[in-house]
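Shown next, in structure tokens, is the structure this report addresses.
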Amino acid sequence: VLLLRKKSKKRHSSVVEKKSINKKVLSVKRRQNVSIPLKSMGISASEILNALTEMETGILTEENLERIQAIYPTDKELKEIKMTMKLLTRRKYPRTKNAVEVDKLVVELLPMEEKLMVKLSRVPNCKQRIKLMLFLYSYKSEYERVLRILNIIRKAQTKVADAAQHGHLRQILYNVLRFINMLNRTKVSVLRR
């Protein structure tokens with residue numbers, strides 16, 4: 001009877017030990033703030049990591065990059081996760097010499113959110129990559145906006161040149177000045193109210 005109780009205690013203690021090993025570092029709120037955007041992206045974590053490593057703007061949209069930037073771990077979070085990983089390594093693999101293999105195994109023991117944060121932090125210059133990819137998206141839209149403005153200016157220049165050629169330039173300038181004066185009067189009357 002004593003032997004059975006000892007075995008049951010050992011089984012119970014190993015279960016307790018396994019539960020305590022999978023320690024969660026992040027708060028419940030932060031965990032939700034990581035998992036919800038990740039699920040809404042519709043991309044797996046491995047695809048995100050590969051796209052960031054390869055700087056593929058085709059996979060990661062501007063919105064997805066902003067989400068990744070929001071879920072990127074803070075220095076404090078990373079420090080706490082690394083401390084937990086050290087504890088896990090000491091408890092689970094105390095005498096293993098292959099540090100790279102142990103590190104991979106320990107990362108797999110972490111909950112999904114912490115695992116993603118560790119992997120994101122290991123992408124070389126991840127923060128800078130995200131910022132650069134966001135700049136590329138904003139640069140494209142800014143470039144298109146400037147091109148539209150330049151096209152408007154070109155059209156205006158050709159119309160002014162045509163008007164000057166046909167003797168209508170004085171009338172166009174008169175209408176433009178009248179329009180500007182009218183705008184100034186409405187601004188003044190709005191300010192007086």
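The values are calculated or read from the model by the stated rules, or taken from the named source; none is laboratory data. Computed from a predicted structure; not experimentally measured. Cβ atoms come from the backbone with ideal geometry, glycine included; neighbour counts cover every protein chain shown. Heads up: the accessible areas ignore ligands, DNA and RNA and are worked out on the full protein's heavy atoms, side chains in. Shrake-Rupley method; radii C 1.70, N 1.55, O 1.52, S 1.80 Å.
Using R₀ = 45 Å, calculate the FRET efficiency as 1/(1 + (r/R₀)^6) where r is the Cβ-Cβ separation of Arg30 and Ile153; round to 0.05.
0.35
Report in % the part of the accessible area of region 42-193 that belongs to carbon and sulfur, leaving out ligands and nucleic acids; probe 1.4 Å.
The value for region 42-193 is 57 percent carbon and sulfur by accessible area.
Zone of Leu49 (label point 7 Å along Cα→Cβ, backbone N under 17 Å): which residues in region 25-42?
Flagged as within label range: 35, 38-39.
Which whole-angstrom value gives the distance between the alpha carbon centres of region 64-118 and region 127-157?
Region 64-118 and region 127-157 have Cα centres spaced 39 Å from each other.
From the alpha carbon gyration tensor of region 113-193, can you work out the equivalent ellipsoid semi-axes (sqrt of 5 times each eigenvalue) and give them in Å, largest to smallest?
Working: eigenvalues 524, 99, 7 Å².
Rounded to whole Å, the semi-axes are 51, 22, 6.
Over all directions, the average projected area of the alpha-carbon convex hull for region 39-193 comes to how many nm²? Write down the numbers at each step before the final one.
Values: hull surface 66.6 nm².
Convex hull of Cα atoms, orientation-averaged projection: 16.6 nm².
Kindly state, to the nearest 0.05, the FRET efficiency for Met83 paired with Ser138, given R0 = 41 Å and r defined as their beta-carbon distance. Mind showing how you got there, number by number?
Working: r = 37 Å, r/R0 = 0.90.
Plugging the Cβ-Cβ distance into 1/(1 + (r/R0)^6) gives 0.65.
In nm², what is the average projected area of the convex hull enclosing the Cα atoms of region 66-153?
7.2 nm²
At most 14 other Cβ atoms within 10 Å and a DSSP loop assignment: could you name the trypsin sites (Lys or Arg not before Pro) in region 55-144 that fit?
Here the trypsin sites (Lys or Arg not before Pro) that fit, given the DSSP loop and packing criteria, are Arg95, Lys97.
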